[in-house]
Ligand code: URA
(Lines give C-alpha, C1' and ligand atoms only; values in the text may rest on other atoms or scores of the structure.)
Protein backbone atom coordinates (compact mmCIF):
# COMPACT_ATOMS: atom_id res chain seq x y z
CA UNK A 1 0.00 0.00 0.00
CA UNK A 2 2.74 2.37 0.99
CA UNK A 3 4.42 1.75 -2.43
CA UNK A 4 1.35 2.67 -4.49
CA UNK A 5 0.79 5.76 -2.32
CA UNK A 6 4.41 6.82 -3.03
CA UNK A 7 3.89 6.04 -6.76
CA UNK A 8 0.80 8.19 -6.82
CA UNK A 9 2.44 11.10 -5.13
CA UNK A 10 5.38 10.78 -7.50
CA UNK A 11 3.19 10.97 -10.62
CA UNK A 12 1.32 13.86 -9.03
CA UNK A 13 4.65 15.59 -8.37
CA UNK A 14 5.66 14.99 -11.96
CA UNK A 15 2.47 16.42 -13.41
CA UNK A 16 2.75 19.41 -11.04
CA UNK A 17 6.30 19.96 -12.26
CA UNK A 18 5.30 19.71 -15.95
CA UNK A 19 2.64 22.36 -15.53
CA UNK A 20 5.06 24.49 -13.49
CA UNK A 21 7.65 24.35 -16.31
CA UNK A 22 5.00 25.17 -18.93
CA UNK A 23 4.27 28.41 -17.10
CA UNK A 24 7.94 29.50 -16.89
CA UNK A 25 9.44 32.13 -19.20
CA UNK A 26 11.51 31.04 -22.26
CA UNK A 27 15.06 29.99 -21.30
CA UNK A 28 14.11 28.52 -17.92
CA UNK A 29 16.65 25.90 -16.83
CA UNK A 30 15.83 23.19 -14.33
CA UNK A 31 18.08 23.30 -11.26
CA UNK A 32 19.68 19.86 -11.83
CA UNK A 33 20.62 20.67 -15.45
CA UNK A 34 22.41 23.80 -14.26
CA UNK A 35 24.42 21.74 -11.79
CA UNK A 36 25.29 19.20 -14.49
CA UNK A 37 26.71 21.84 -16.84
CA UNK A 38 28.53 23.74 -14.09
CA UNK A 39 30.36 20.75 -12.60
CA UNK A 40 32.74 19.80 -15.46
CA UNK A 41 33.82 23.44 -15.83
CA UNK A 42 34.94 23.56 -12.22
CA UNK A 43 36.76 20.23 -12.48
CA UNK A 44 38.49 20.85 -15.85
CA UNK A 45 42.17 21.80 -15.74
CA UNK A 46 43.49 23.54 -18.81
CA UNK A 47 46.35 21.79 -20.59
CA UNK A 48 49.40 23.85 -21.57
CA UNK A 49 48.37 23.44 -25.22
CA UNK A 50 44.90 24.81 -24.48
CA UNK A 51 46.46 27.67 -22.49
CA UNK A 52 48.59 28.65 -25.48
CA UNK A 53 45.68 28.34 -27.91
CA UNK A 54 43.55 30.61 -25.72
CA UNK A 55 46.38 33.12 -25.47
CA UNK A 56 47.02 33.18 -29.22
CA UNK A 57 43.30 33.48 -30.03
CA UNK A 58 43.32 36.90 -28.38
CA UNK A 59 46.11 38.19 -30.61
CA UNK A 60 45.47 36.82 -34.13
CA UNK A 61 44.74 40.35 -35.28
CA UNK A 62 46.95 42.14 -32.73
CA UNK A 63 47.17 45.91 -33.17
CA UNK A 64 49.13 46.58 -29.99
CA UNK A 65 52.38 47.91 -31.48
CA UNK A 66 53.62 49.69 -34.63
CA UNK A 67 54.48 46.36 -36.35
CA UNK A 68 50.75 45.77 -36.89
CA UNK A 69 50.73 48.34 -39.68
CA UNK A 70 54.18 47.88 -41.21
CA UNK A 71 53.51 45.20 -43.78
CA UNK A 72 53.19 42.00 -41.77
CA UNK A 73 51.26 39.21 -43.49
CA UNK A 74 50.23 37.57 -40.23
CA UNK A 75 51.10 37.22 -36.55
CA UNK A 76 53.65 34.39 -36.14
CA UNK A 77 53.12 32.69 -32.79
CA UNK A 78 55.46 30.32 -30.97
CA UNK A 79 55.28 26.71 -32.05
CA UNK A 80 56.27 23.27 -30.82
CA UNK A 81 55.79 21.06 -27.79
CA UNK A 82 53.87 22.94 -25.08
CA UNK A 83 55.09 20.44 -22.47
CA UNK A 84 58.73 20.72 -23.48
CA UNK A 85 61.75 20.94 -21.18
CA UNK A 86 63.55 23.30 -23.60
CA UNK A 87 62.37 26.58 -25.10
CA UNK A 88 64.29 28.59 -27.72
CA UNK A 89 63.62 32.30 -28.17
CA UNK A 90 64.65 34.25 -31.27
CA UNK A 91 64.21 37.85 -32.36
CA UNK A 92 61.25 38.01 -34.73
CA UNK A 93 59.84 36.48 -37.91
CA UNK A 94 61.66 36.99 -41.19
CA UNK A 95 60.22 36.83 -44.72
CA UNK A 96 59.64 33.05 -44.82
CA UNK A 97 58.12 32.99 -41.33
CA UNK A 98 55.85 35.94 -42.17
CA UNK A 99 54.62 34.14 -45.30
CA UNK A 100 54.11 30.73 -43.73
CA UNK A 101 53.05 31.72 -40.21
CA UNK A 102 55.63 29.57 -38.39
CA UNK A 103 58.77 30.62 -36.49
CA UNK A 104 62.26 29.66 -37.69
CA UNK A 105 61.46 27.93 -40.97
CA UNK A 106 63.86 29.87 -43.22
CA UNK A 107 67.63 29.26 -43.52
CA UNK A 108 68.33 30.24 -39.91
CA UNK A 109 65.48 27.97 -38.82
CA UNK A 110 66.89 25.04 -40.77
CA UNK A 111 70.20 25.52 -39.00
CA UNK A 112 68.40 25.66 -35.66
CA UNK A 113 66.68 22.36 -36.52
CA UNK A 114 70.11 20.79 -37.23
CA UNK A 115 71.43 22.06 -33.88
CA UNK A 116 68.41 20.56 -32.07
CA UNK A 117 68.91 17.23 -33.84
CA UNK A 118 72.62 17.23 -32.94
CA UNK A 119 71.44 17.45 -29.32
CA UNK A 120 69.60 14.18 -29.93
CA UNK A 121 66.18 15.79 -29.92
CA UNK A 122 63.62 16.47 -32.60
CA UNK A 123 62.26 19.89 -33.44
CA UNK A 124 58.83 18.67 -32.25
CA UNK A 125 60.34 18.02 -28.79
CA UNK A 126 61.13 21.69 -28.15
CA UNK A 127 59.18 24.94 -28.24
CA UNK A 128 60.37 27.82 -30.42
CA UNK A 129 59.21 31.41 -30.15
CA UNK A 130 60.30 34.97 -30.82
CA UNK A 131 60.41 38.25 -28.91
CA UNK A 132 58.16 39.93 -31.49
CA UNK A 133 55.50 38.00 -33.35
CA UNK A 134 55.25 40.27 -36.39
CA UNK A 135 57.93 40.77 -39.05
CA UNK A 136 59.79 44.05 -38.69
CA UNK A 137 60.06 45.73 -42.12
CA UNK A 138 63.28 44.77 -43.94
CA UNK A 139 64.11 42.46 -40.99
CA UNK A 140 65.28 45.40 -38.91
CA UNK A 141 65.86 44.90 -35.17
CA UNK A 142 62.57 45.43 -33.27
CA UNK A 143 62.22 48.84 -31.59
CA UNK A 144 62.02 48.88 -27.76
CA UNK A 145 58.29 49.77 -27.93
CA UNK A 146 57.71 46.70 -30.13
CA UNK A 147 59.81 44.27 -28.05
CA UNK A 148 58.44 45.50 -24.74
CA UNK A 149 54.81 45.40 -25.85
CA UNK A 150 55.06 41.96 -27.43
CA UNK A 151 57.10 40.29 -24.68
CA UNK A 152 54.62 41.41 -22.04
CA UNK A 153 51.52 40.46 -24.02
CA UNK A 154 52.79 37.16 -25.37
CA UNK A 155 56.34 35.91 -24.74
CA UNK A 156 56.29 36.11 -20.94
CA UNK A 157 52.84 34.52 -20.90
CA UNK A 158 54.08 31.68 -23.13
CA UNK A 159 56.90 31.10 -20.63
CA UNK A 160 54.42 31.15 -17.72
CA UNK A 161 52.23 28.55 -19.44
CA UNK A 162 55.02 26.25 -20.67
CA UNK A 163 57.32 26.52 -17.65
CA UNK A 164 60.28 24.97 -19.51
CA UNK A 165 63.19 23.61 -17.51
CA UNK A 166 65.67 25.62 -19.61
CA UNK A 167 65.35 28.65 -21.90
CA UNK A 168 67.94 29.28 -24.60
CA UNK A 169 67.93 32.83 -25.96
CA UNK A 170 69.24 33.20 -29.51
CA UNK A 171 71.15 36.43 -30.07
CA UNK A 172 71.18 39.86 -28.49
CA UNK A 173 67.51 40.86 -28.91
CA UNK A 174 66.14 37.74 -27.21
CA UNK A 175 68.81 37.79 -24.50
CA UNK A 176 68.12 41.41 -23.61
CA UNK A 177 64.34 40.98 -23.77
CA UNK A 178 64.52 38.22 -21.18
CA UNK A 179 67.52 39.19 -19.04
CA UNK A 180 67.69 42.99 -19.35
CA UNK A 181 69.27 45.55 -21.66
CA UNK A 182 72.61 45.57 -19.83
CA UNK A 183 73.33 41.92 -20.69
CA UNK A 184 75.70 41.68 -23.65
CA UNK A 185 75.53 38.56 -25.80
CA UNK A 186 79.31 38.35 -26.35
CA UNK A 187 79.94 38.26 -22.58
CA UNK A 188 76.84 36.35 -21.51
CA UNK A 189 76.74 33.48 -24.03
CA UNK A 190 77.35 30.07 -22.57
CA UNK A 191 76.53 31.21 -19.01
CA UNK A 192 73.41 30.37 -17.03
CA UNK A 193 71.19 33.20 -15.76
CA UNK A 194 67.73 33.01 -14.23
CA UNK A 195 64.33 34.26 -15.35
CA UNK A 196 61.52 33.70 -12.81
CA UNK A 197 63.56 30.77 -11.45
CA UNK A 198 64.11 29.18 -14.89
CA UNK A 199 67.75 28.74 -16.02
CA UNK A 200 68.41 30.85 -19.15
CA UNK A 201 71.44 30.36 -21.38
CA UNK A 202 72.14 32.86 -24.15
CA UNK A 203 73.87 31.74 -27.33
CA UNK A 204 74.49 33.17 -30.78
CA UNK A 205 71.58 33.51 -33.21
CA UNK A 206 71.61 30.94 -36.06
CA UNK A 207 71.45 33.82 -38.59
CA UNK A 208 74.76 35.04 -37.12
CA UNK A 209 76.17 31.52 -37.57
CA UNK A 210 75.21 31.58 -41.25
CA UNK A 211 77.39 34.68 -41.60
CA UNK A 212 80.10 33.40 -39.23
CA UNK A 213 80.26 29.61 -39.58
CA UNK A 214 83.43 29.46 -37.46
CA UNK A 215 81.23 30.26 -34.42
CA UNK A 216 79.22 27.05 -34.83
CA UNK A 217 81.61 25.27 -32.49
CA UNK A 218 81.03 27.96 -29.85
CA UNK A 219 77.28 27.38 -30.06
CA UNK A 220 77.85 23.64 -29.84
CA UNK A 221 79.74 24.21 -26.55
CA UNK A 222 76.67 26.07 -25.28
CA UNK A 223 74.33 23.25 -26.36
CA UNK A 224 76.51 20.75 -24.47
CA UNK A 225 76.00 22.90 -21.36
CA UNK A 226 72.24 22.60 -21.85
CA UNK A 227 72.52 18.80 -22.09
CA UNK A 228 74.67 18.72 -18.93
CA UNK A 229 72.13 20.91 -17.12
CA UNK A 230 69.33 18.51 -18.02
CA UNK A 231 71.34 15.68 -16.45
CA UNK A 232 71.80 17.75 -13.26
CA UNK A 233 68.11 18.64 -13.17
CA UNK A 234 66.97 15.05 -13.54
CA UNK A 235 69.09 13.69 -10.64
N1 URA B 1 64.97 34.76 -36.98
C2 URA B 1 64.32 34.85 -35.82
O3 URA B 1 64.79 35.44 -34.86
N4 URA B 1 63.13 34.27 -35.72
C5 URA B 1 62.58 33.60 -36.72
O6 URA B 1 61.48 33.09 -36.55
C7 URA B 1 63.30 33.51 -37.92
C8 URA B 1 64.49 34.09 -38.04
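For segment 50-76, give me each residue that is buried (at least 22 other Cβ atoms within 10 Å of the Cβ) and either in a loop (DSSP other than H, G, I, E, B) or in contact with a strand residue (DSSP E or B) (Cβ under 7 Å, 6 or more places away or on another chain) (or both).
Across segment 50-76, the qualifying residue is only 76.
Of the residues that make up segment 131-153, is at least one touching a strand residue (DSSP E or B) at 6+ places or on another chain (Cβ under 6 Å) and modelled with pLDDT of 95 or more? Break it down into steps so the answer makes sense when it comes.
Within segment 131-153, the subset touching a strand residue (DSSP E or B) at 6+ places or on another chain (Cβ under 6 Å) is none.
No, because not a single residue in segment 131-153 is touching a strand residue (DSSP E or B) at 6+ places or on another chain (Cβ under 6 Å) and modelled with pLDDT of 95 or more.
Within segment 90-105, which residues are more than 6 Å from the ligand (Cβ to nearest atom) and over 19 Å from residue 156 (Cα atoms)? If you could, list the steps in order and put the result at the bottom.
So in segment 90-105, the residues more than 6 Å from the ligand (Cβ to nearest atom) come out as 95-96, 98-102, 105.
The answer is 95, 96, 98, 99, 100, 101, 105.
Does residue 109 satisfy the criteria of being near the ligand (Cβ under 9 Å from one of its atoms) and assigned to a helix (DSSP H, G or I)? Steps first, please.
On the way: near the ligand (Cβ under 9 Å from one of its atoms): yes; assigned to a helix (DSSP H, G or I): yes.
In short, yes.
Can you pull out every residue in segment 53-62 that is without any contact (Cβ under 8 Å) to a residue 24 or more places away in the chain and closer than 16 Å to residue 143 by Cβ?
Residues satisfying the conditions do not exist here.
Tally up the residues in segment 77-97 that are assigned to a loop (DSSP other than H, G, I, E, B) and out of contact with any helix residue (DSSP H, G or I) (no Cβ under 7 Å at 6 or more places or on another chain), please.
Qualifying residue count for the region: 2.
Among the helices (runs of 4 or more DSSP H) contained in segment 150-235, which hold 1 or more residues that are within 23 Å of residue 117 (Cα to Cα) and in contact (Cβ under 8 Å) with a residue 12 or more places away in the chain? First the steps, then the outcome.
Numbers: elements: 156-162, 171-179, 185-188, 206-211, 216-234.
Where helices (runs of 4 or more DSSP H) fall fully within segment 150-235 and carry at least 1 residues being within 23 Å of residue 117 (Cα to Cα) and in contact (Cβ under 8 Å) with a residue 12 or more places away in the chain, they are 156-162, 171-179, 206-211, 216-234.
Among the residues of segment 112-128 satisfying the criterion of being assigned to a helix (DSSP H, G or I) and touching a residue at least 60 places away in the same chain (Cβ under 8 Å), which is farthest from residue 224 (Cα to Cα)?
112
The values are calculated or read from the model by the stated rules, or taken from the named source; none is laboratory data. Computed from a predicted structure; not experimentally measured. Positions of Cβ are generated from backbone atoms using ideal geometry, with glycine treated the same way; all protein chains shown enter the neighbour counts.
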